[in-house]
Structures are given as C-alpha cells and as structure tokens.
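I have placed the structure first, in the form of structure tokens, so that the comments after it can refer back to it.
Nothing in this text is a laboratory measurement; each read-out follows from the coordinates by a stated rule. Since this is a predicted model, take the numbers as computed values, not measurements. Neighbour counts are summed over all protein chains in view; Cβ atoms, including those assigned to glycine, are modelled from backbone coordinates with ideal geometry.
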C-alpha cells in the first residue's frame, strides 16, 4: 500500500490490525487473504489507496474478470446518461 500503516488502519476503522504491517514511514503491506475469491475481491475493492498486488494467478485472474465487469458497467452507465 502506498500509505502509512497508521493511516490505512484508521481508514478501515481499526479492522485488520494483525494484517497491516508497516514497511517504512510511507508504505505498508496488508494481508487480504480470505476463504473465497469473492471475499478477497470484496476486500480489495474497499482499498482506498494506491497499491500493488502480490497474489496467486487464480486470484489475479478472478480480480481481472471482476474489474472488466465493473468497467463495463461504468461504461454502460455513462453512455445511458448522454
């Protein structure tokens, strides 16, 4: 995460304290592992900061599909507004 650990912890309302690890004063890592791919996708979608992913190929593939679906939904919503 491209945000300090303390700031990210405050953003998530104190949730995940054992999963947030400071790297330096400006970045941290967050373990968003979960029981299911939809659970992991939901946690990733809630991140309100710039980040990089370190995930298994199946997780990355699942997130890519969800991202494409979300972008298509946004495109359709915008096109219906014009």
Expressed as a rounded percentage, what relative contact order does the chain have, with Cα pairs under 8 Å and six or more residues apart?
-> 26 percent
Mind pulling the angle between the C-alpha long axis of helix 57-80 and the longest principal axis of the chain? Nearest 10 degrees, somewhere in 0 to 90.
-> 50 degrees
Return the Cα extents of the chain along principal axes one, two and three, sorted largest first, each rounded to a whole Å.
-> 44, 29, 19
Alpha carbon centroid spacing (whole Å) that separates segment 4-25 from segment 50-73 | 22 Å
Distance-filtered residues of segment 13-34 - backbone nitrogen under 14 Å, label point 7 angstrom along residue 56 Cα→Cβ = 32-34
